[in-house]
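The structure under discussion appears below in the form of structure tokens.
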Amino acid sequence: MTIGAPTRSALEVEDAMLAIGMNGEPLPVEHGFPVRMIIPGLYGYVSACKWLVGIEATTFDAFDAYWVQRDWAQEGPIKVASRIDTPAPLRRFPAGRLPIAGVAWAQTRGIGRVEVRVDDGDWLEADLAPAVDADLWRQWPLRYDFSPGSYQLQIGRASCR
Ligand SMILES: Nc1nc2c(c(=O)[nH]1)N[C@H]1C(S)=C(S)[C@@H](COP(=O)(O)O)O[C@H]1N2
Ligand SMILES: [Mo]
């Protein structure tokens, strides 16, 4: 495996690190023991090399890393992402007030707002759970009064801070 990240991101991104532990313990083998890279804001295939054995300074012109050789982008900044986890698709539930809920993510920037809509209704702003920090998934719930029927739920409007 080779993984290539911009030198700039490794030096300038807050919390970019070579990690040797997690939660006060040595890094678990499946997460990269003895040492791995972490650069918040970039997807794993361009930033998070596990079981690290070496670091080489080069350029994107001179070297294509493993997934770039397989036509993935050279640089992969994390996009704003959000999803509905509950209710699950095709699930039946009693009519009434029910939480629609899920998670949203915008590493290094943090989530500023999540909007959801039911069928063709207005976009409704969800509540946001406390942010642990800007790099972690943020939970969001939205309580909605469902009358009997079937519904299409849509999330499409998460934005970062
Ligand atoms: N050596 C090595 N490092 C790797 C990978 C890999 O296949 N081999 N996968 C990368 C990808 S795509 C991701 S998303 C993260 C996943 O890290 P995790 O298993 O700790 O969640 O590891 C990255 N580092
Ligand atoms: Mo990944």
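Quick look at the values:
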{"quantity": "Segment I55-A81, length gained on full extension (0.36 nm per residue, minus Cα span)", "calculated": "6.3 nm"}
{"quantity": "Sulfur and carbon atoms: percent of accessible area, the chain [1.4 Å]", "calculated": "53"}
{"quantity": "Contour minus Cα-Cα distance for A95 and E30 (0.36 nm per residue)", "calculated": "19.1 nm"}
{"quantity": "Virtual paramagnetic centre 7 Å along Cα→Cβ of D127, amide N under 15 Å, in segment 139-161", "calculated": "139-145"}
{"quantity": "Within the chain, longest stretch free of exposed GluC sites (Glu not before Pro) [DSSP loop, at most 15 other beta carbons within 10 Å]", "calculated": "76-161"}
{"quantity": "GNM flexibility winner over the chain from G32, G121, G110 (Cα, springs under 10 Å)", "calculated": "G121"}
{"quantity": "Å² per residue, accessible surface of segment 78-161 at 1.4 Å", "calculated": "63"}
{"quantity": "Cβ-derived FRET efficiency at R0 41 Å, S150 paired with L11, nearest 0.05", "calculated": "0.20"}
{"quantity": "Added length on full extension, which subtracts the Cα-Cα distance from 0.36 nm per residue, D119 to W72", "calculated": "13.4 nm"}
{"quantity": "Residue-averaged [θ]222 nm for the chain, counting only DSSP H segments that reach four residues, each worth -39500 (n - 2.57)", "calculated": "-1000 deg cm²/dmol"}
{"quantity": "Cβ-placed point charges (K, R +1; D, E -1), dipole of the chain about Cα centre in debye, nearest 20", "calculated": "480"}
{"quantity": "Accessible area of R8 in the full protein assembly, 1.4 Å probe (Å², nearest 10)", "calculated": "140"}
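The values are calculated or read from the model by the stated rules, or taken from the named source; none is laboratory data. Nothing here was measured: the structure is a model prediction, and the numbers come from that model. So basically every Cβ, Gly included, is an ideal-geometry build from the backbone, and we count neighbours across all protein chains shown. Accessible surface areas use protein heavy atoms only, side chains included; no ligands, DNA or RNA. Shrake-Rupley method; radii C 1.70, N 1.55, O 1.52, S 1.80 Å.
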